[in-house]
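One structure is given here, and the rest of the page talks about it.
The values are calculated or read from the model by the stated rules, or taken from the named source; none is laboratory data. Computed from a predicted model, the values in this text were never measured in an experiment. Please note: Cβ atoms are built from the backbone with ideal geometry, for glycine as well, and neighbour counts cover all protein chains shown.
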Amino acid sequence: MSVKERLKKFAKSQERSVRAFEIKSGLNIGYVNAIRVSIQPDKIQSIASHYPNLNTGWLLTGEGDMEKSSFIQSNNCTGCEELNKKVSELEKEKADLTSQLKDQLLFTQKLLLEKSAHPRVTVKRNTG
């Protein structure tokens, strides 16, 4: 199942159309259907902030449960508010680090392309 298919499945589980899901998540209309391979970190962050019960690990990989553990979301457990806050902070940090890594990768690829386009010219001296 692809990220696109998992997003559609999650929207359906929330009793929302894909369009209503996109609107609530702050995505452009048609974004979900336009997904080809994966999803940008800022989009994940936007969706997660509007749907804190969504397990973003499941969204990206398909592993685990679609929704976060109800124990952590429950208002009845001691310290859950702090746990939820920490989980949100860690998810934001993860999205930020992923974005930074992608930026560094693009920069490195650009440097490699420039270097391959302009190889060093070496001049051979005549010693004689």
Which pairs do you get when a residue that is farther than 14 Å from S46 by Cβ and polar (S, T, N, Q), found in segment 74-99, comes within reach of a residue that is at pLDDT 75 or above and not in a helix (DSSP H, G or I), reach meaning Cβ atoms under 8 angstrom, with the pair 6+ apart or on two chains? N84/P52
Hits in segment 6-28 - residues which are surrounded by 14 or more Cβ atoms within 10 Å (Cβ to Cβ), small (G, A, S) and over 15 Å from N55 (Cβ atoms): S25, G26
Quick one: would you say S99 is among the polar types (S, T, N, Q) and exposed (fewer than 14 other Cβ atoms within 10 Å of the Cβ)? no
Pairs only if they're at least six apart or on different chains, beta carbon under 7 angstrom, first in segment 50-69 and free of Cβ contacts under 8 Å to residues at least 60 places away in the same chain and closer than 22 Å to V37 by Cα, second surrounded by 14 or more Cβ atoms within 10 Å (Cβ to Cβ) and acidic (D, E); list them, first residue then second. L54/E67; N55/E67; T56/E91
Checking K9 against (1) of a type in the set (D, E, K, R); (2) closer than 16 Å to K68 by Cβ; (3) touching a helix residue (DSSP H, G or I) at 6+ places or on another chain (Cβ under 6 Å), only one condition comes out false. Which one? (3)
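So, in segment 110-123, of the ones that are exposed (fewer than 10 other Cβ atoms within 10 Å of the Cβ) and not small (G, A, S), which residue ends up modelled with the highest pLDDT? If you could, list the steps in order and put the result at the bottom.
Of the residues in segment 110-123, the ones exposed (fewer than 10 other Cβ atoms within 10 Å of the Cβ) are 114, 116-123.
Then drop every residue that is not not small (G, A, S), which leaves 114, 118-123.
Details: E114: 85, H118: 72, P119: 67, R120: 67, V121: 57, T122: 60, V123: 57.
So, considering only residues that are exposed (fewer than 10 other Cβ atoms within 10 Å of the Cβ) and not small (G, A, S), the one modelled with the highest pLDDT is E114.
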Matching residues in segment 55-109 - criterion: being modelled with pLDDT under 75 and within 19 Å of L7 (Cα to Cα): S69
